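A short worksheet on the structure shown next.
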Amino acid sequence: MSVKKARIVKAFSTPKQANRKTDLGNGFQRFFFNRTISPNTYFTFTFRGGAYKPVSGGFFISNQNSLPAYATSFYNQTDTVYVITVYNPTVFTRAISFTFVAKL
């Protein structure tokens, strides 16, 4: 039996590249980024805040109630950079949205 090696994909984005932005008040903004994640893939998404300092991050993946997906890391790399890695162990390509809350 052979085991197929997982793919590794990396993406980097800035606040200006967000698909949507929400002003939360008091200098806080929420940024949304829409992507797709291929089957058997680790997807690392890096938010480079620039003047913004990220305080949290998260993700939503399609079919999350019926198909597994695993966050393997969530962390601040620096005061202005936040990293999330998600693993899609399924055989399906899925829509995924990453979200970050950051303060100016």
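Numbers at a glance
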quantity: DSSP loop trypsin sites (Lys or Arg not before Pro) with at most 11 other Cβ within 10 Å: longest gap in the chain; calculated: 6-104
quantity: Neighbourhood charge, 13 Å Cβ-Cβ cut-off, centred on Thr14 and excluding it, Lys, Arg +1 and Asp, Glu -1; calculated: +3
quantity: Ratio Rg/Rh [Cα only; Rh per Kirkwood] for the chain; calculated: 1.02
quantity: Relative contact order of the chain, pairs being alpha-carbon contacts under 8 Å that are 6 or more residues apart, as %; calculated: 36 percent
quantity: Dipole of the chain, positive direction: furthest Cα of Val101, Thr72, Phe33, with charges on the beta-carbon; calculated: Phe33
quantity: Pairwise Lys count, the chain - Cα closer than 21 Å, eight or more residues apart or different chains; calculated: 6
quantity: Dipole magnitude of the chain about its Cα centre (Cβ charges: Lys, Arg +1; Asp, Glu -1), debye to nearest 20; calculated: 240 debye
quantity: Net lengthening on full extension, Arg30/Ile8 (0.36 nm per residue, minus Cα-Cα); calculated: 5.3 nm
quantity: Where a label projected 7 Å from the Cα of Asn19 along Cα→Cβ would reach, residues of region 79-98 with amide N under 13 Å; calculated: 94-98
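Throughout, read-outs are computed from the coordinates displayed, never taken from laboratory work. Quantities reported herein were computed from a predicted structural model and do not represent experimental measurements. No Cβ is skipped: glycine too gets one built from the backbone with ideal geometry, and neighbour counts run over all protein chains shown.
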